Amino acid sequence: MEVIQGTWHWAISGFLIGLIMLVLTYFGKTFGMSSNLRNICSMTFAKKKIEYFDFDWKEQKWNISIALGAIVGGFIASYFLMDHTRVLQINPKTIASLQQLNIDVPNGKLGPDVLFSLENVFTLKGFFVLLFGGFLIGFGTPYAGGCTSGHAISGLSNLQIPSLIAVIGFFLGGLISAHFLIPLIFGS
Amino acid sequence: MKLVKFFIVGIVFGIVLTKAEAVSWYRIYEMFMFQSFHMYGIISTAIFVGVCGIIIIKKKEIQGFKGAEIKIQDKDFSYSRYIIGGTMFGLGWGLVGCCPGPIFILIGNGVLSILVVLIGALLGTYIYGILKNKLPH
């Protein structure tokens, strides 16, 4: 049990993620989680108003099933398979840079309270940082035609140059966020 | 019943990403600060397994599950949409530390504030749908 309760090794995790992508390919589907944002939109009034959402989302039931399963999987992992005292052993250097920015360190949590605590959600700044981050994810992924699963895993596995360009974009954006945006928002 | 197998794949996906800590804001921050190999290891191992698997599927002309047609499509070539869209997504990924899969997984983890990120993401996709034909692709 101890092996399961701690952080899973990157090689095992990566192997399983690759396998999930291949299993979906074998089922005749393409691994891509961001499509579900479009699917959810097309279940609403957006379907009649906007051409981009005017498709039969029922054809995408399989992908919505994965998203629902992912919620259940997250629950199982977090409540039954996790010893919160033995997770997120991050680099001491990262801890130091977090402390410099007044961002609380993991202590078994998946994300910092300054971003994800409920108290923070009910502040104007806290709410808009999360909403803005989500907005960028929601706008950027359909624009780029995929996210980490669709481009970085599926696309690169099929040696697609467009996916490589997209992944370079992902990292460009992520580096700007980590090195400039986060210090700007949280640094004093 | 056809959907059950996808639901199970989703459960495994949720468990693996949680246990790999790929759903953690801290792991994403650490990755973009170049202070850990963990996330790079996960992504490159997944790609390595994927590349090998796709080559085998293509070479051996493996048939899909119960006659399902295996679709391995090439993506349309362009620069603008991948760089602009990709960078926008990356900015969000680096800021709130999650990509679309983990948004769902974190709901299950009980991180309720992620619902604000989900609402933001749906809003973003909605606005993209409106502006799609006016954007360079």
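Things to note:
- Charge dipole magnitude, Cβ of K and R +1, D and E -1 - the protein assembly as shown, Cα centre, debye nearest 20: 760 debye
- Only the Cβ atoms of Lys and Arg (+1) and of Asp and Glu (-1) were treated as charged; on that basis the dipole of region A:9-118 about its Cα centre amounts to roughly 180 debye.
- For region A:10-113, carbon and sulfur atoms together expose 60% of the accessible surface, with a 1.4 angstrom probe and every protein chain in place.
- Within a Gaussian network of chain B (alpha carbon springs, distance under 10 Å), most fluctuating of B:Gly97, B:Gly41, B:Gly64: B:Gly64
- Among the chymotrypsin sites (Phe, Trp or Tyr not before Pro) in region B:1-47, those placed in a DSSP loop whose Cβ has at most 15 other Cβ atoms within 10 Å are B:Phe34, B:Phe37.
- Virtual spin-label span in nm between B:Ile62 and B:Leu112, 7 Å along Cα→Cβ: 4.3 nm
- Paired Rg and Dmax values of region A:32-112, which use every Cα atom, in angstrom: 19.3, 52
- Solvent-accessible area buried by A and B, counting both chains, probe 1.4 angstrom, square angstrom: 10500 Å²
- Rounded percent of accessible protein surface that carbon and sulfur make up, region B:1-75, 1.4 Å probe: 65 percent
- Extreme residue, positive dipole direction of chain A, given options A:Leu16, A:Ala96, A:Phe45 (C-beta unit charges): A:Phe45
- Counting only other chain Cβ atoms within 10 Å of each residue's Cβ, the peptide A:102-113 averages 4.
- Calculated SAXS-style log₁₀ I(q)/I(0) at q = 0.13 Å⁻¹ - the protein assembly as shown, Debye, Cα scatterers: -0.92
- Per-residue [θ]222 nm for chain A (sum of -39500 (n - 2.57) over DSSP H runs n ≥ 4, rounded to 500): -17500 deg cm²/dmol
- Farthest positive-ward along the protein assembly as shown dipole, Cα basis, beta-carbon charges - from B:Val51, B:Gly14, A:Ile185: B:Val51
- Furthest towards positive pole of dipole, A:Phe122, A:Gly173, B:Leu131, structure part the protein assembly as shown, Cβ charges: B:Leu131
- Most fluctuating residue given options B:Lys19, B:Lys58, B:Lys66, as computed from a GNM of chain B linking Cα atoms under 10 Å: B:Lys66
- The simple Förster model, with R0 at 22 Å and r as the Cβ-Cβ distance, assigns A:Phe186 and B:Ile119 a FRET efficiency of 0.50.
- Accessible surface area normalised per residue over chain B is 43 Å², counting heavy atoms of protein chains with a 1.4 Å rolling probe.
- Helical segments meeting 20 Å axial Cα length and Kyte-Doolittle 0.5 threshold in chain B (DSSP H): B:2-19, B:38-59, B:114-131
- Gyration tensor verdict on region B:1-135 (Cα atoms; rounded if a/c is under 1.5, prolate if a/b is larger than b/c, oblate otherwise): rounded
- For chain A, built as a Gaussian network whose Cα springs stay under 10 Å, the top-fluctuating residue of A:Gly69, A:Gly169, A:Gly28: A:Gly28
- Straight-distance candidates among the lysines for linking to B:Lys60, with alpha-carbon spacing under 25 Å and chain neighbours fewer than 8 residues away dropped: A:Lys29, B:Lys5, B:Lys71, B:Lys75.
- Cα-derived Rg to Rh of chain A, Kirkwood definition: 0.98
- Distance between region A:98-165 and region B:40-95 - C-alpha centres, whole angstrom: 20 Å
- Of the DSSP H helices in chain A, those whose Cα atoms cover at least 27 Å axially and whose Kyte score averages -0.5 or more: A:61-80, A:124-144
- A 1.4 Å probe run over the protein chains yields, for chain A, 46 Å² of accessible area per residue, whole-number rounding.
The values are calculated or read from the model by the stated rules, or taken from the named source; none is laboratory data. Values in this document were obtained by computation on a predicted structure and should not be read as measured data. In this analysis, Cβ positions are derived from the backbone assuming ideal geometry, glycine residues included, and neighbour counts consider all displayed protein chains. The area values use the complete protein model at the heavy-atom level, side chains included, leaving out ligands, DNA and RNA. Shrake-Rupley method; radii C 1.70, N 1.55, O 1.52, S 1.80 Å.
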